[in-house]
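To start, the structure itself, in structure tokens.
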Amino acid sequence: MMSAAFKTGTMTLTTSIVKSLDVPMGTFPIKALLSIENDNMRYLYTGGNPSSSTGHLLIDGSTFILEGYQNIVNFRCVAAANTPLLTYTLEGQ
């Protein structure tokens, strides 16, 4: 069975509040498409919390694909500076 997109969301990030993806109860996403605009962000997908100066850096205008259910539910992000906008789409069965 092919997977299909089932949820798209956006989040405005700040440097002081760590956020995670909104995965609806009872769903099993296997892939997430993420894009960032208006500034840079930092993220981890180990379940730990990034900060404005630690974690993987995703620069303004970038898009990436996060794969695997556990990686998606463990994803955490924060602004590297200012208030970037994260847009994401979850895909699964």
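If the condition is being among the aromatic types (Phe, Trp, Tyr) and either closer than 15 Å to Asp22 by Cα or touching an Asp or Glu at 6+ places or on another chain (Cβ under 9 Å) (or both), then the range 54-79 contributes Tyr69, Phe75. For Tyr45, only one of the following conditions fails: (1) over 11 Å from the mean Cα position of the chain (by Cα); (2) more than 18 Å from Leu85 (Cβ to Cβ); (3) not β-branched (Val, Ile, Thr). What is its number? Condition (1) is where Tyr45 drops out. Of all residues in the range 1-32, those satisfying the criterion of being in a strand (DSSP E or B), out of contact with any Gly (no Cβ under 6 Å at 6 or more places or on another chain) and surrounded by 10 or more Cβ atoms within 10 Å (Cβ to Cβ) are Ala5, Phe6, Lys7, Thr8, Gly9, Thr10, Met11, Thr12, Lys19, Ser20, Lys31, Ala32. In the set (1) closer than 16 Å to Thr8 by Cβ; (2) in contact (Cβ under 8 Å) with a residue 40 or more places away in the chain, Pro84 fails one condition alone, (1).
Could you please find all residues in the range 35-93 being β-branched (Val, Ile, Thr), more than 21 Å from Ala4 (Cβ to Cβ) and surrounded by 14 or more Cβ atoms within 10 Å (Cβ to Cβ)? Across the range 35-93, the qualifying residues are Ile36, Val78. Among the residues of the range 67-93, those that are farther than 13 Å from Tyr43 by Cα, not in a loop (DSSP other than H, G, I, E, B) and not hydrophobic (A, V, I, L, M, F, W, C) comprise Glu67, Tyr69, Gln70, Thr87, Tyr88, Thr89, Glu91, Gly92.
Quick note: the coordinates plus some simple rules give every number you see, no bench work behind them. These figures come from a predicted structure and were not determined experimentally. Neighbour counts run over all protein chains shown; Cβ positions are idealised from the backbone, glycine included.
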